[in-house]
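Undergrad: Just dropping this structure here.
Read-outs: derived from the displayed coordinates by stated rules, not from any lab. Just so it is clear, the model here is predicted, and its values are computed rather than measured. Because the Cβ atoms are built from the backbone with ideal geometry, glycine has one as well, and the counts that use them run over all protein chains shown.
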Amino acid sequence: MASPLKCDLCSNQATVHLTQIVNHKVHKVDLCESCAQAKGVTDPSGFSLADLLLKASLNPEPSAPSGLNCKQCGYTPDDFKKSGRFGCPQCYETFSNLLEPMLNNMHKGTAHTGKIPERALERKTLHDRLHKLETELDDAIKSERYEDAAKFRDEISQVRDAAGITPTL
Amino acid sequence: MSLTVDSLISSPAELTDNRASNCAVVLMTRIRLARNLANHSFPGRANEAERQEVLEICQGAVLKTRPLKRGLLVAVKELNPLQRQILVERHLISRELSESKSGSAAVINKDRNVSVMINEEDHLRIQVLRNGFQLKKAWTTINNLDSALEKELDYAFSAELGYLTACPTNLGTGLRASAMMHLPALVIAGQMEKVVRAVNQLGMVVRGLFGEGSDASGSIFQISNQTTLGESEKDIVNRLQSVLESIVEHELNARAKLLEDEPAKLPDKVGRAFGILSHGHVISSSEAMNLLSLVRLGVDVGYFPESHRVTIDRLFIEAQPGHILFGSGKAELKSDERDRLRADGLRSEFAKFSTPGYQSPGLN
């Protein structure tokens, strides 16, 4: 062989060659022995080709600008590159450019069609609404619009009932 | 009576209590869901204070749910290495959790078939185990538990991407469903590679039971879904169900063919395995797995009474290194001491077995 295959993760000669078919697409990974060991390829219980593909596909320069940090947890594209994991839920928005091209290879589709945490979402909607009403109530009191204030107060108690929150006043 | 780690590990596990299994080829079914709290860093990123905060929020919610109200809460850092190893061998906690930093815990129910790991790779890993082939029942149980938790917890969820997980490979449903399958005839017939390839093409993954080499010891394989996004939970479960059903059919066909084409091969293998288990004095764990696997196949084809299968399934777990050490009552064992103790235990168990009857083997 004129030029031996190089490891996808470092530049050593690749001696471990993996092929797996995910969603009718053929994925090939070439690794040197130490990377194969490090990634757990030799340990079938802990090995996931999907994980590895994710890291390998990250290895060429990430498409997101390198200065991009997650506002919530401070994660950088480099951190993601190294661990293959995100830092917090917010990272999914921060690094959406990085993630999108990967999802196609990784999953059957790119949109969630399964279970929805309905109670949690309902609760969140009510809490957001409550928060907004409380701000409006404060504003109304400050600017002495007492008729509006009374209206907001009624609405607040209705939303509290719906959310099952007892007034803390 | 309060549940303690020692009472938990000295009682038989769900997998080992496999009475009247509806399908002998499937040893155990398992489903797990990965869930995270909104507005908190994932455990790998969180500092100690945040991990602690997440632990408190989650354990409070978990201990309120019906299946885990009387469950045992174990903080990983309070477990000794042996207890950790045993819980891993029982599939009650993952290897990753057993090696994790402070702030990690698991809540395990009395029947040892529901467990919730806190601060593993994700804030919550909810798991339901069922003996035999009970994928749909396991889904119903875990779905209800998840809905109960959601009453208390604000999950990280995106309308487009579903449940948000630390690793994007779990994104969407966060669901991994798997079955432990006993496929000795497919291994003997050299067809496993073909099966693995076919299963991969259907988007499912094949792994060994305890990760001891891809030629899974004991011919036990774990088959699970590979992808979690783009398909509903029901679709994933149904698709896996039909893949598993067809593997069961192939295994049963391979057994029938083996008995027909080489009538002496199987009785010979089973008989030799029975001989070593009954009379051996040094047996490693992977040898034990392979021998037990053959005797289990012997039960399936009628050489031994059906009732012996429960014993073998229990021994699959009890022959693991952690369980041998636990049984010895010692703090440490060299591997040759362990192999002798394992053989001693197996000899006394197999002394109680009936003599194999090889006459006209019938399937099932």
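Undergrad: Along Cα→Cβ, 7 Å out, is where each label goes; now give me the distance between the ones at residue A:141 and residue B:348 in nm to one decimal.
TA: Distance between the two pseudo-spin positions: 7.5 nm.
Undergrad: Rounded, prolate or oblate: which one fits the stretch B:214-265, using the alpha carbon gyration tensor with axes a ≥ b ≥ c (rounded when a/c is under 1.5, else prolate when a/b beats b/c, else oblate)? If you can, show how the numbers build up before the last one.
TA: Working: a/c = 5.49, a/b = 2.22, b/c = 2.47.
Oblate, because a/c is 1.5 or more while a/b does not exceed b/c.
Undergrad: If you don't mind, another one. Under a 5 Å amide H to amide H cut-off, with H placed in plane at 1.01 Å, what residues pair with residue B:37 once short-range neighbours are removed?
TA: B:123, B:156
Undergrad: Does the stretch B:228-323 come out rounded, prolate or oblate, given a ≥ b ≥ c as the square roots of the eigenvalues of its C-alpha gyration tensor, rounded meaning a/c under 1.5 and, failing that, prolate meaning a/b above b/c?
TA: On the way: a/c = 2.77, a/b = 1.47, b/c = 1.88.
Note, shape of the stretch B:228-323 comes out oblate.
Undergrad: So, one more: Given R₀ = 56 Å, FRET efficiency for residue B:268-residue A:71 by Cβ-Cβ distance, to 0.05? Please report the intermediate quantities before stating the final value.
TA: On the way: r = 67 Å, r/R0 = 1.20.
Given R0 = 56 Å and the Cβ-Cβ separation, E is 0.25.
Undergrad: To the nearest 20 Debye, how big is the dipole of the protein assembly as shown about its Cα centre, given +1 on the beta carbon of each Lys and Arg and -1 on that of each Asp and Glu? Write down the numbers at each step before the final one.
TA: Values: 64 positive and 67 negative charges, 203 e Å.
Approximately 980 debye in magnitude.
Undergrad: Also: Go through the stretch B:263-270 residue by residue and turn each phi into a ³J(HN,Hα) via Karplus (6.51, -1.76, 1.60, θ = phi - 60°); whole Hz please, and just put x for glycine and proline.
TA: x, 8, 5, 5, x, 5, 4, 5
Undergrad: If you place +1 on the Cβ of every Lys and Arg, -1 on the Cβ of every Asp and Glu, and leave all else neutral, what size is the dipole of chain B about its Cα centre, to the nearest 20 Debye? Before the final figure, lay out each step's value.
TA: On the way: 43 positive and 44 negative charges, 117 e Å.
My answer is approximately 560 debye.
Undergrad: On to the next question. Just to be sure I understand: with springs between alpha-carbon atoms less than 10 Å apart, which residue in B:297, B:202, B:229 has the highest mean-square fluctuation in the Gaussian network model of chain B?
TA: Highest fluctuation among the options: B:202.
Undergrad: In addition: With a ≥ b ≥ c the root eigenvalues of the C-alpha gyration tensor of the protein assembly as shown, is it rounded (a/c under 1.5), prolate (a/b larger than b/c) or oblate?
TA: On the way: a/c = 2.12, a/b = 1.63, b/c = 1.30.
The shape class here is prolate.
Undergrad: Check residue B:23: other-chain or 5+ apart residues with amide H under 5 Å from its amide H, H built from backbone geometry?
TA: Here B:133 satisfy the definition.
Undergrad: Arranged by the count of other C-beta atoms within 10 angstrom, fewest first, what order do B:326, B:304 take? Numbers along the way, then the final one.
TA: Numbers: B:326 19, B:304 22.
Least crowded to most crowded, the residues run B:326, B:304.
Undergrad: Something else: Can you give me the three principal axis dimensions of chain B from its C-alpha atoms, in Å, biggest first?
TA: Sorted largest first, the three principal extents are 64, 47, 32 Å.
Undergrad: Under a 5 Å amide H to amide H cut-off, with H placed in plane at 1.01 Å, what residues pair with residue A:9 once short-range neighbours are removed?
TA: A:32
Undergrad: Pairs to check: B:69/B:137; A:82/B:194; B:194/B:257; A:124/B:77; B:77/B:110; B:194/B:234. Give those whose C-alpha atoms are more than 25 Å from each other in this structure.
TA: Distance filter (> 25 Å) returns A:82/B:194; A:124/B:77; B:194/B:234.
Undergrad: Still on this structure, please answer the following. Please compute the Cα-Cα pair-distance distribution of the stretch B:95-241 with 10 Å bins starting at 0, giving whole percents from short to long.
TA: Spelled out bin by bin, the stretch B:95-241 gives 10, 35, 38, 15, 2, 0 percent.
Undergrad: Further question: Which one of B:182, B:284, B:302 is farthest out on the positive end of the charge dipole of chain B, using unit charges on Cβ (Lys, Arg +1; Asp, Glu -1) and the Cα centre as origin?
TA: Among B:182, B:284, B:302, the one farthest towards the positive end of the dipole of chain B is B:302.
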